[in-house]
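Participant: Would you mind keeping the following structure in view while I ask a few things?
The values are calculated or read from the model by the stated rules, or taken from the named source; none is laboratory data. What you see is a predicted model, and the numbers here were worked out from it, not measured in a lab. Cβ placement follows ideal geometry from the backbone for every residue including glycine, while neighbour counts extend to all protein chains displayed. Calculation scope for accessible area: heavy atoms of the full protein, side chains included, ligands and nucleic acids excluded. Shrake-Rupley method; radii C 1.70, N 1.55, O 1.52, S 1.80 Å.
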Amino acid sequence: MSSTEIKKIGVLTSGGDGPGMNAGIRSVVRSALSEGLEVAGIIRGYQGLIDDDVIPMNHRSVANIINRGGTILKTARSEEFKTDEGQKKALATLKKHNIDALVVIGGDGSYRGARDLLQKYNFPVVALPGTIDNDLCGTDQTIGCHTAVHTALEAIDKIRDTVHSMERIFVIEVMGNHSGYIAMEVAVGSGAEELLVPERPFDYEKICAKIKKGHESGKISWMIVTAEGAAKAPEVAEAIGTRTGFETRFVVLGHIQRGGVPLAPDRILATRLGAAAVDLLVKGESGKAVGVVKRQINVVPLTVACEKQNSLLEEYYRLIEVLT
Ligand code: ATP
């Protein structure tokens, strides 16, 4: 589709919500309006396309949201959209509302949905990385990852106070089903002694041997950060408590990591990427994912961006080892 044919774009957020998505929506809407395009907001991601839940958006629809967490367009995980039938319904909604192109803000699953729209139905789409997991190809950062790490870190700082005062082992579970990004960042940032991530196998015997050795040399407290996809906190606490005989507590940080006021890097990233997405569509380019690499806008084919990026850095393990 050439640029002249695009008159109206749709925007949706999909998958897990993340702080900064609103800044992205605002940027897409206002950039498109400034290009003379109409904008439609799709409520609850791909499910909203299936259910024909579409609203017109104007300059005012996105007023005062740049600093708000969550997403004003709501988000969802839609199993139906993974089916041909669901995708055909979604396409019918796009046609019904005369939407010529779509901006999708979401994680790797949302990218795969966008890729389907492009590859199977030749529908113009551009995707933006909206996930706290920072696990997408073609970008150094994803919208929401900074705030999520900061939120988890603040919570762990509070836990550290009691860990140290009560002389305990504490297992802290953070989000990350397939990605150890948040766990990695907060383990190093909080000065934790152990890090468990889905990308790397671990051995309870080795961890417990370290804890016992540390105890013999006078170490009185221990913080273990686990990503939910590596091992659940209760399981880790049980395994370590049983093997060492030391009192071991756990805490699951859960959804607090998704919420809150987006930090500056997430807002700024979302704002830049939203504008870049509209820019691409106006130039007649689609089937792309937009990110940043070395602070510069980076555009990659959606097919490439769908591959998950392993963000695990061995350097982090060395740091934890040396600084414990
Ligand atoms: P997060 O990183 O926060 O989990 P995500 O975008 O990866 O975000 P998913 O639930 O995996 O979250 O995907 C969001 C939606 O994208 C799904 O509910 C589904 O509608 C669509 N989707 C996911 N995988 C596919 C796929 N393989 N084909 C088509 N659509 C998909």
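Participant: Which ones in region 212-260 are over 11 Å from VAL171 (Cα atoms), without any contact (Cβ under 8 Å) to a residue 24 or more places away in the chain and among the charged types (D, E, K, R)?
Facilitator: LYS213, GLU216, LYS219
Residue-wise test of (1) without any contact (Cβ under 8 Å) to a residue 12 or more places away in the chain; (2) under 13 Å from the mean Cα position of the chain (by Cα); (3) closer than 29 Å to ALA233 by Cβ; (4) open to solvent by less than 10 Å² (accessible area, probe 1.4 Å).
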site	(1), (2), (3), (4)
GLN87	no, no, no, yes
LEU94	no, no, no, yes
HIS97	no, no, no, no
GLY144	no, yes, yes, yes
ALA148	no, yes, yes, yes
ARG168	no, no, yes, no
GLY176	no, yes, yes, yes
SER179	no, yes, yes, yes
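Participant: Another one. State the number of residues belonging to region 72-85 that are open to solvent by less than 20 Å² (accessible area, probe 1.4 Å) and more than 9 Å from the ligand (Cβ to nearest atom).
Facilitator: Number of matching residues: 1.
Participant: For region 39-61, which positions are of a type in the set (Gly, Ala, Ser), away from the ligand (no atom under 12 Å from the Cβ) and assigned to a helix (DSSP H, G or I)?
Facilitator: Passing the criteria: only SER61.
Participant: In region 45-64, is there at least one residue being within 16 Å of ALA276 (Cα to Cα), open to solvent by 10 Å² or more (accessible area, probe 1.4 Å) and touching a residue at least 24 places away in the same chain (Cβ under 8 Å)?
Facilitator: no
Participant: Taking only pairs six or more apart or across chains, which ones have beta-carbon atoms under 6 Å, a first residue in region 122-136 that is more than 14 Å from VAL304 (Cα to Cα) and at pLDDT 95 or above, and a second residue that is among the hydrophobic types (A, V, I, L, M, F, W, C) and part of a loop (DSSP other than H, G, I, E, B)?
Facilitator: Sorted first by the residue in region 122-136, then by its partner, the pairs are PRO124/MET1.
Yes/no matrix, rows are residues, columns are (1) open to solvent by less than 20 Å² (accessible area, probe 1.4 Å); (2) under 17 Å from the mean Cα position of the chain (by Cα); (3) farther than 24 Å from THR131 by Cα; (4) modelled with pLDDT of 95 or more:
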| residue | (1), (2), (3), (4) |
| --- | --- |
| SER165 | no, no, yes, no |
| GLU185 | no, yes, no, yes |
| GLU205 | no, no, yes, yes |
| GLU216 | no, no, yes, no |
| ALA227 | yes, yes, no, yes |
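Participant: Given (1) more than 16 Å from the ligand (Cβ to nearest atom); (2) modelled with pLDDT under 95, where does ASP100 come up short, assuming only one miss?
Facilitator: (2)
Participant: Pairs please, first residue from region 15-40 and among the acidic types (Asp, Glu), second anywhere and not in a strand (DSSP E or B), Cβ atoms under 6 Å, 6+ apart in sequence or on different chains.
Facilitator: The qualifying pairs are ASP17/GLY70; ASP17/THR71; ASP17/THR75; ASP17/ARG258; GLU35/VAL282.
Participant: Name the residues in region 284-298 that are β-branched (Val, Ile, Thr) and not in a strand (DSSP E or B), would you?
Facilitator: Result: no residue meets the conditions.
Participant: Of (1) open to solvent by 10 Å² or more (accessible area, probe 1.4 Å); (2) within 25 Å of ASN134 (Cα to Cα), SER110 satisfies all except one. Which?
Facilitator: The one condition SER110 does not meet is (1).
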